[in-house]
1. Determine, yes or no, whether Ala82 is closer than 22 Å to Leu164 by Cβ, among the small types (Gly, Ala, Ser) and under 13 Å from the mean Cα position of the chain (by Cα).
2. Could you check region 145-189 and list, in sequence order, the residues that are surrounded by 17 or more Cβ atoms within 10 Å (Cβ to Cβ) and among the acidic types (Asp, Glu)?
3. Among Ala64, Ala101, Ala105, Ala93, which is the only one that is over 14 Å from Thr17 (Cα atoms) and of a type in the set (A, V, I, L, M)?
4. Note down all Cβ pairs under 8 Å where the first residue falls in region 128-141 and is in a strand (DSSP E or B) and surrounded by fewer than 14 Cβ atoms within 10 Å (Cβ to Cβ), the second is at pLDDT 90 or above and among the basic types (Lys, Arg), and they're at least six residues apart or on different chains.
5. Say we look at region 142-184 and pick out the residues that are of a type in the set (Ser, Thr, Tyr) and part of a helix (DSSP H, G or I); which of these is nearest to the chain's Cα centre (by Cα)?
6. What pairs come up if the first residue lies in region 25-47 and is under 18 Å from Ala165 (Cβ atoms), the second is assigned to a loop (DSSP other than H, G, I, E, B) and of a type in the set (Asp, Glu), and their beta carbons are under 8 Å apart, counting only those six or more places apart or on different chains?
7. Considering only residues of region 144-189 that are among the β-branched types (Val, Ile, Thr) and in contact with a strand residue (DSSP E or B) (Cβ under 8 Å, 6 or more places away or on another chain), which is modelled with the highest pLDDT?
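The values are calculated or read from the model by the stated rules, or taken from the named source; none is laboratory data. Remember, it's a predicted structure, so these values are computed and weren't measured experimentally. Using ideal geometry, Cβ is built from the backbone for each residue, glycine included, and neighbour counts are taken over all protein chains shown.
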Amino acid sequence: MTSNNDSKSKLLLGFLTVVEHPQHGLFGGYLVLNHLGRPLEFHCTAPIKPNRAQQILYGPTLEAFLYGEQIGQTLIGKASAAAELICTDREPAMAAREHIAAPLALVLPAADEPIAESSGRVFRVDAAHQGPRLVTFQLGRNRLALPESAEDDRRRITDRLGELAESFDLAEPFQRIREAIEEAQQAVR
């Protein structure tokens, strides 16, 4: 039987983000960290740029498809280390939750920080196109959001992170991913 402390020390956290490059398209990055914030794995995608037909056919569901299914599901599936909790800072990436076993939470800026702007695209959204309604909650120093229907995920997140949530800034790893993607882009040039 493992103690609660032993299980916390084996906790693996995944961080998924998507970076939009005006010229090349979307780059996805996925970083798996241990409970100390040390990297165990990093994966990133080649650029993905939807064509005009995809933009027309997918309409308002295009971002969720690209971020969640094409990028998120692919990157998470490539990882050999299975994260017990996956965080994202991009709301459309929440669509990956349907395709993975681990809970997926949206990390929100602190209450006093401005929310990052969206991609600038405007779509008509009616009831058929709206994603699940998100509810926010505070866990330690982190503000998270989950679909209303994900009460089991909230319980799993709270149980696994527990006191670690007070000292672990869940927003910080996204900057590491963005910098690693930028570094990879520069190395290719």
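1. no
2. Answer for region 145-189, where residues must be surrounded by 17 or more Cβ atoms within 10 Å (Cβ to Cβ) and among the acidic types (Asp, Glu): just Asp153.
3. Just one listed residue meets the conditions, Ala101.
4. Thr136/Arg143
5. Only one residue fits best here, namely Thr158.
6. From residues that are under 18 Å from Ala165 (Cβ atoms), there are no pairs.
7. It comes out as Ile177.
Residue by residue, here is whether (1) part of a loop (DSSP other than H, G, I, E, B); (2) farther than 16 Å from Ala145 by Cβ; (3) touching a helix residue (DSSP H, G or I) at 6+ places or on another chain (Cβ under 6 Å) holds:
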position	(1), (2), (3)
Ala53	no, yes, no
Gly59	no, yes, no
Glu63	no, yes, yes
Ile71	no, yes, no
Gly77	no, yes, no
Ala82	yes, yes, no
Glu98	no, yes, no
Ala110	yes, no, no
